[in-house]
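The values are calculated or read from the model by the stated rules, or taken from the named source; none is laboratory data. Just so we're clear, the structure is a prediction, and the values are computed from it rather than from any experiment. Please note: Cβ atoms are built from the backbone with ideal geometry, for glycine as well, and neighbour counts cover all protein chains shown.
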Amino acid sequence: MIAITREVSRSIIHCELTHLERRPIDIQRARAQHAEYEAALKHLGLAVLSLPEEPSLADSVFVEDTALVLDECAIILRPGADSRKPETESIAKALSPYRKLFTIQAPARVDGGDILRVGRQVYIGLSTRSDTNAAEQIQDFLQPYSYEVQVVRVTGCLHLKSAVTQAAEDTLLINPAWVDPGNFAGMKFIESDPSEAYAANALWLGDSVLYPKAFPRTRKKLMDAGIKITDVDADELAKAEGALTCCSLLLRE
Ligand code: CIR
């Protein structure tokens, strides 16, 4: 498995914010935590392809929002925030040796944070960043590969994956205040602790998850469910409204 990542931009203090107040971001600390994230992925056996910094693209560390990568192809997305649209160019270059590429066409908008793939099911969150036009284009691109695309309403948070992520083959980690579990037929659920609103974003790696140290109550629920956890500190990039899935694009070689 390869993880594509990108160095934290020196302009991250100018990041997009939707649900959070702007707070100072310590760039050195953000970079150190990001390096810890990459090291954890390497330790778990992934090859990390770390792309160079994009000094003028504030949110470019959050590579997840630029593409949907599947085994059969990749789709270059069209991020909902205008400041983030130029991020896709270098990602398309990085992905082209590995996958056939499709590209979402204007005026459709979709952030990768709004796309949750579980097996052959692709859920697309309708948030302030993503729309039905993009969902329809994704459905068309994936039609030959027998994925099922389903749109999901999300409220109160930035992205679908702020509200729900996969934590095991058959299990979703979910904040039911932000997304209705009824959307995900056939899955088991672990609910994030109500006192830890941002705790539903785990990075699932097949037999374990990477998980932020900031959410001990939800972490205990994951542990109690028998899920193996690698802890990482991610609170500095959390000030930029970024979570763990946002910082990588995973692809099987
Ligand atoms: C943004 O608002 O676009 C960034 N500040 C945070 C993006 C986080 N990405 C993600 O959840 N996939």
Close pairs (7 angstrom Cβ cut-off, 6 or more residues apart or separate chains): without any contact (Cβ under 8 Å) to a residue 12 or more places away in the chain and closer than 10 Å to Ala240 by Cα in segment 1-25, within 9 Å of the ligand (Cβ to nearest atom) and polar (S, T, N, Q) anywhere = none
Check on Phe189, farther than 28 Å from Glu54 by Cα and either of a type outside the set (Gly, Ala, Ser) or in a strand (DSSP E or B) (or both) = yes
For Ser127: the one exception among (1) surrounded by fewer than 18 Cβ atoms within 10 Å (Cβ to Cβ); (2) closer than 17 Å to Thr155 by Cβ; (3) of a type in the set (S, T, N, Q) = (1)
What number goes with the only condition from (1) in contact with a Lys or Arg (Cβ under 6 Å, 6 or more places away or on another chain); (2) of a type in the set (Val, Ile, Thr); (3) within 27 Å of Val179 (Cβ to Cβ) that Val48 does not pass?
-> (3)
Flagged in segment 196-236 as more than 16 Å from Leu41 (Cβ to Cβ) and either part of a loop (DSSP other than H, G, I, E, B) or of a type in the set (S, T, N, Q) (or both), in numbering order, are Glu196, Ala197, Tyr198, Ala199, Ala200, Lys213, Ala214, Phe215, Thr218, Ala225, Gly226, Ile227
Counting only residues in segment 1-22 that are under 16 Å from the mean Cα position of the chain (by Cα) and not in a loop (DSSP other than H, G, I, E, B), the one surrounded by the most Cβ atoms within 10 Å (Cβ to Cβ) is identified as Arg6
Residues in segment 28-47: is at least one modelled with pLDDT of 95 or more, touching a Ser or Thr at 6+ places or on another chain (Cβ under 9 Å) and either of a type in the set (Gly, Ala, Ser) or in a strand (DSSP E or B) (or both)?
-> yes
Checking Ser192, Ser208 in turn, the sole residue that is out of contact with any His (no Cβ under 6 Å at 6 or more places or on another chain), within 16 Å of the ligand (Cβ to nearest atom) and more than 29 Å from Ile104 (Cα to Cα) turns out to be Ser192
